[in-house]
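S.K.: I have a structure I would like to understand better, so I am pasting it below and will then ask my questions one at a time.
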Amino acid sequence: MEAALVADLLSEHGLPLEGDGRSDELIMETAWAANQGRPFYVVRDWLLLDIMVPSDVEDELESNGLQPTVVFASTVLYDSRAEGPRAGAVRSSFLRALDGFIFESMTTTFILAGPGIRKHVSLPALLALENP
């Protein structure tokens, strides 16, 4: 069951979106200037996942200035904490702000580079992704 949820979540079915189309070097240079001191990732092969949650959970998130949306990226081009690329995938916490291809969680900024996909997923699918 969990394998099917993860397979569907990672499929390319969804709304295609365009992230930052500039070169990786220019994206990283701009990210350093814009995030001064705030941790950030520059990611490719990303999914914006709108999590279907019960209305009481959505209300609680909204009261905290958040939305039930996360970023999952399979390629991390740059991790500001490591000052370089990072192996493996990364997932954000819930969305605080989205401005074009800049996704902000409570603690970290994600710069979405290149094409990506936005889709609705269930909470069990997201949890299955974290427990392979």
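S.K.: Hey, does the range 49-64 have a residue that's within 16 Å of ILE102 (Cβ to Cβ) and within 19 Å of the chain's Cα centre (by Cα)?
M.R.: no
S.K.: Please tell me if PHE94 is among the aromatic types (Phe, Trp, Tyr), farther than 21 Å from HIS13 by Cβ and surrounded by 17 or more Cβ atoms within 10 Å (Cβ to Cβ).
M.R.: No: the conditions fail for PHE94.
S.K.: Would a scan of the range 80-99 turn up a residue that is touching an Asp or Glu at 6+ places or on another chain (Cβ under 8 Å) and among the aromatic types (Phe, Trp, Tyr)?
M.R.: Looking for residues that are touching an Asp or Glu at 6+ places or on another chain (Cβ under 8 Å) and among the aromatic types (Phe, Trp, Tyr), one finds none in the range 80-99, hence no.
S.K.: While we're here: Which residues, taken from the range 85-106, are out of contact with any Phe, Trp or Tyr (no Cβ under 7 Å at 6 or more places or on another chain) and part of a strand (DSSP E or B)?
M.R.: Selection gives ARG86, ALA97, LEU98, ASP99, ILE102, GLU104.
S.K.: Of the residues that make up the range 60-67, is at least one in contact (Cβ under 8 Å) with a residue 40 or more places away in the chain, surrounded by 13 or more Cβ atoms within 10 Å (Cβ to Cβ) and not in a loop (DSSP other than H, G, I, E, B)?
M.R.: Here is the first cut: in the range 60-67, the residues in contact (Cβ under 8 Å) with a residue 40 or more places away in the chain are 66.
So of that shortlist, the ones also surrounded by 13 or more Cβ atoms within 10 Å (Cβ to Cβ) come out as 66.
Subsequent filtering for residues that are not in a loop (DSSP other than H, G, I, E, B) retains none.
No, that holds for no residue.
S.K.: Which of the residues that make up the range 13-48 are part of a loop (DSSP other than H, G, I, E, B) and exposed (fewer than 12 other Cβ atoms within 10 Å of the Cβ)?
M.R.: HIS13, GLY21, SER23, GLN36, GLY37
S.K.: What's the number of the only condition in (1) surrounded by 13 or more Cβ atoms within 10 Å (Cβ to Cβ); (2) within 23 Å of LEU26 (Cα to Cα) that GLY84 fails to meet?
M.R.: That leaves (1) as the condition not met.
S.K.: Can you go through PRO85, PRO115 and tell me which one is at pLDDT 95 or above and at negative phi?
M.R.: Values: PRO85 fails: at pLDDT 95 or above.
The match here is PRO115.
The values are calculated or read from the model by the stated rules, or taken from the named source; none is laboratory data. Here the structure is a predicted model, which means the values were calculated and not measured. Methodologically, a virtual Cβ is constructed for each residue, glycine included, from the backbone with ideal geometry; neighbour enumeration extends over all protein chains shown.
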